[in-house]
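*Asks:* I'd like to ask some things about the structure below.
The values are calculated or read from the model by the stated rules, or taken from the named source; none is laboratory data. Source: prediction; values computed, not measured. All Cβ positions, glycine included, derive from the backbone under ideal geometry; neighbour counts span all protein chains shown.
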């Protein structure tokens, strides 16, 4: 039995349709010296250890860099995730944060 098919076929893209517009990224900081950086974490695995190591390394490399601890923001991937993330931009702006380091456990 031969199953020879010819002709055009519909093909589905596995990622689906794009529902959001692409926006421009914020400009990069020229240096982290003297800047205030928020540490955001999802409270999984050893992010606290990783964030502390990153902060110490950045302090040694960039004079005057300051950090806002993840406890100020809460668990960015927990039961209050939507509420926390929805208010994150306003909170970062109110705290005069220049940049954010966001980490997650694997």
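*Asks:* Scan 29, 40, 58 and give me the residue that is surrounded by fewer than 16 Cβ atoms within 10 Å (Cβ to Cβ) and touching a strand residue (DSSP E or B) at 6+ places or on another chain (Cβ under 8 Å). Even if it seems obvious, please write down each step before you answer.
*Replies:* Numbers: 40 fails: surrounded by fewer than 16 Cβ atoms within 10 Å (Cβ to Cβ); 58 fails: surrounded by fewer than 16 Cβ atoms within 10 Å (Cβ to Cβ).
The conditions single out 29.
*Asks:* Also, quick follow-up: Would you mind stating whether residue 71 is modelled with pLDDT of 90 or more, out of contact with any strand residue (DSSP E or B) (no Cβ under 8 Å at 6 or more places or on another chain) and exposed (fewer than 13 other Cβ atoms within 10 Å of the Cβ)?
*Replies:* Values: modelled with pLDDT of 90 or more: yes; out of contact with any strand residue (DSSP E or B) (no Cβ under 8 Å at 6 or more places or on another chain): yes; exposed (fewer than 13 other Cβ atoms within 10 Å of the Cβ): yes.
In short, yes.
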